[in-house]
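Read through the structure below, which is laid out as structure tokens, and then see the notes.
The values are calculated or read from the model by the stated rules, or taken from the named source; none is laboratory data. Fair warning: this is a prediction, and the values are worked out from it, not measured in the lab. Here the Cβ positions follow ideal geometry from the backbone for every residue, glycine too, while neighbour counts run over all protein chains shown. Only protein heavy atoms, including side chains, enter the accessible area calculation; ligands, DNA and RNA are left aside. Shrake-Rupley method; radii C 1.70, N 1.55, O 1.52, S 1.80 Å.
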Amino acid sequence: MMVRSTHLSLLVTKSDLDMAQKAAELIEEQCNEALATRSLFNLAISGGKTPLSLFRLLSSPEWEKRIYWERTALYWVDERCELPDSPKSHYGIARRELLSRVPLTRFYRIKGEAHPEEAAEAYERLLRDHFCLGRGEAPRFDCIVLGLGNDGHTASIFPGQSAVEEKSRLVVDQYIHSMKSSRVTMTFPVFNNARCCIFMASGKEKHPVLSTALNLMAEPTLPAQMVRPIEGKLCWIIDEAAYKGA
Ligand code: 6PG
């Protein structure tokens with residue numbers, strides 16, 4: 001029998017800004033823990049609107065000093081197949097809001113401008129190389145920051161798409177029918193091997209999907225519910241609007 005040791009927590013904050021503050025504190029904690037015994041802090045982030053307040057906070061003078069950016073390696077959980085300069089590019093958002101403001105030099109973007117299949121293969125090779133992975137092994141990220149879509153998707157793992165079932169690939173490309181566009185995404189084997197996954201969700205429109213996603217005892221039906229680190233922390237940080245739906 002597989003022994004699981006998932007530490008679950010749910011934090012409800014007053015506002016979107018408080019949510020960013022709590023997420024930053026958790027990232028700081030994971031960073032300090034990682035650097036106490038290892039040389040790098042391996043962090044993976046999401047795109048979308050939700051992490052914007054977090055990026056802005058992390059690039060403030062106070063937080064710039066609280067995270068060891070020089071010893072952080074930054075990755076993306078997924079990318080939209082867009083040019084890096086597009087306002088939709090996850091790398092583009094992080095470049096504008098974070099990378100241009102903090103002394104972080106180790107960042108590894110998914111090439112949204114490349115052919116999706118090739119971009120996915122290249123990113124998987126990069127992960128295998130950076131984390132020195134053998135066959136069948138998944139990277140052990142120190143911290144992964146995830147978002148929640150209104151349909152229950154997380155990263156670019158959408159309900160009903162093949163990435164939901166992926167057990168061996170670390171990164172896959174997906175054509176998302178509802179969005180009529182391609183994405184490249186990390187998979188559950190990566191998320192579920194992390195030391196810590198942080199979900200952030202804000203705004204009343206996230207309330208209906210949260211009621212299902214936070215039902216951790218139920219058989220998972222939404223991709224976001226399938227993130228359950230086998231040996232690690234799963235922290236949900238949501239604001240009051242998302243919690244109450246009002
Ligand atoms: C994206 C993300 C996706 C995101 C959720 C939430 O491409 O947008 O990869 O997983 O985290 O859709 O998006 P918002 O933060 O914009 O609500």
Query raised in the report: How much accessible surface does Thr185 have with a 1.4 Å probe, in Å² rounded to 10?
Result: 0 Å²
Query raised in the report: In square angstrom, what is the accessible area per residue of region 10-219 with a 1.4 angstrom probe?
Result: 46 Å²
**Report entry** Order by protection proxy (mean Cβ within 10 Å, highest first), peptides 68-80, 234-246, 33-45
**Finding:** 68-80, 234-246, 33-45
**Report entry** Modelled FRET efficiency - R0 45 Å, Arg169 with Lys244, Cβ distances, 0.05 increments
**Finding:** 0.70
Report summary line: Total charge of the residues flanking Pro103 in space, meaning their Cβ is under 14 Å from its Cβ, with Lys and Arg +1 and Asp and Glu -1, is +3
Report summary line: In whole angstrom, the spacing between the Cα centers of region 71-102 and region 122-180 equals 17 Å
Report summary line: Once normalised by the length of the chain, the mean sequence separation of its alpha carbon contacts under 8 Å that are 6 or more apart gives a contact order in percent of 25 percent
Requested in this report: Within region 199-237, which residues have the backbone N less than 14 Å from the label spot 7 Å out from Asn150 along Cα→beta-carbon, could you tell me?
Outcome: 202-210
Query raised in the report: What is the sum of charges around Met19, taking Lys and Arg as +1, Asp and Glu as -1, for the other residues whose C-beta is under 13 Å from the C-beta of Met19?
Result: 0
Query - Cα convex hull of the chain, projected area averaged across orientations, nm² - result: 12.8 nm²
Query raised in the report: Nearest 0.05, what FRET efficiency do Arg125 and Glu29 give at R0 = 45 Å with Cβ-Cβ as r?
Result: 0.90
Query raised in the report: How would you rank 200-209, 153-162, 173-182, highest first, on the average number of other Cβ atoms within 10 Å across their residues?
Result: 153-162, 200-209, 173-182
